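Worksheet for the structure shown next.
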Amino acid sequence: MRKYLVLTVVLMLALAATPCLADSVNGQRIGTWAINPANSDNMTISGAPGSPTVTSVTLHVVGTAAYADSCTFQLRDQVNTTYNVPEWLEEISFDHTVSGINAFNGRPVNQVWTLWAQGSSTAGENVTAWYLTVYYTATPVTVPNVVGMAQAAAESAITSATLTVGDVTQAYSDTVAAGHVISQDPAGGASVSPGTEVDLVISLGPHDTDGDGVVDDEDAFPANPLGATDSDADGLGDEWEISFFGNLTTADETSDTDLDGVPDSAEFGGWALGLDPTDGTTHLPAASAVGLAILCLGIGGAAVYYTRRKR
């Protein structure tokens, strides 16, 4: 009957006088290798953030050997700190666990681990798999305060603190320059485990709804790209008036310059329809026999409705 050798190593760190399991990393080596004559296999553990150290180990050994009690097994670290697995009695195949090993206390978690084995001089003795689960208690680290920093500098500060950059989202901000951090989670100053993710919200700068190059807070008509200022307070964008009339006096909130029955204010508000307040042949499209209502933006975004009946 063929069976497998599995070696499980669990490294645990105690807090104060009471043993306490905290974080852990795992590794595995799957594959058959003979242990007669003596042989060994290496595994690299590198997943523990920071530089935590070992406090205890658990081994789980499963394999094939005529007489397990005649075999020798050792777990070694990269400086040859060695733990000799106590003998146990099993024949043909074996399945054995040893826990509470303290030989590697204070040694690094992230390193190369070696399983060494010597069979009982009987043919067909093999190791087929071994596993490491390394437990440790990491020293807490302080989250840096990166609010207001440029994104690249913020991410560098986070990784330098043995933390991980988490979700990065974007939002508009009137107070934080584009490309800089608006907020973070966890907040700066928080005490967390190494490797903890820090989420960031990055500023897109002030919002410019209509894309006219003027941010909403400074735009008299934030939803109309044809006007951003209204120096004469007539509800018409100065830029729109200059574009069509060359001045700010020809049109106002009540005028109908091209006498087409559509007030200039409605033609300004209906910019998306391509209306020309100087051309009486450009009309509002009629949606029905009743007419079409269009939304016009007035001073400060006030909404008024104009209805032109179908002729």
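Please treat every number below as a calculation from the coordinates, not as lab data. Being a predicted model, the structure only gives us computed values, none of them experimental. Note that we place each Cβ from the backbone using ideal geometry, even for glycine, and neighbour counts take in every protein chain shown.
Structure summary
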item: Rounded, prolate or oblate (a/c below 1.5 giving rounded, otherwise prolate when a/b exceeds b/c) for segment 141-203 by Cα gyration tensor; result: prolate
item: Integer Hz, Karplus 6.51/-1.76/1.60 couplings in order for segment 149-160, x for Gly and Pro; result: 7, 4, 4, 4, 5, 5, 5, 5, 5, 5, 5, 5
item: Using θ = phi - 60° and Karplus 6.51 cos²θ - 1.76 cosθ + 1.60, couplings along segment 32-48 (whole Hz; Gly, Pro as x); result: 7, 9, 6, 10, 9, x, 3, 8, 8, 9, 10, 9, 9, 9, 9, x, 7
item: J(HN,Hα) series, segment 242-253, from Karplus relation 6.51 cos²θ - 1.76 cosθ + 1.60, nearest Hz, glycine and proline x; result: 5, 4, 9, 10, x, 7, 10, 10, 5, 10, 8, 5
item: Amide H contacts of N26 (H built 1.01 Å from N, under 5 Å, at least 5 apart or other chain); result: V134
item: Cα Rg, Dmax, segment 143-293, angstrom units; result: 24.3, 73
item: Other-chain or far-sequence residues with amide H under 5 Å of S93's (modelled H); result: A65
item: Semi-axis lengths (Å, descending) of the ellipsoid that matches the C-alpha gyration tensor of segment 22-165; result: 40, 14, 11
item: Gain on full stretching of the segment that runs from S183 to S231 - 0.36 nm per residue minus C-alpha separation; result: 13.6 nm
item: Highest to lowest packing among 111-117, 149-155, scored as the average C-beta count within 10 Å; result: 111-117, 149-155
item: Listed peptides 209-217, 135-143 by packing density, highest first (mean Cβ within 10 Å); result: 135-143, 209-217
item: Whole-Å semi-axes of segment 236-278's equivalent ellipsoid (Cα gyration tensor); result: 14, 12, 9
item: Beta bridges by DSSP in segment 141-203, antiparallel share as percent, to the nearest 5; result: 55
item: Long-range HN-HN contacts of T55 with modeled amide H, under 5 Å; result: M12, L13, G106
item: Residue-span extension gain [A123 to T164] - 0.36 nm each, minus C-alpha spacing; result: 9.8 nm
item: Cβ-Cβ FRET estimate between D95 and N145, R0 fixed at 45 Å, reported to 0.05; result: 0.30
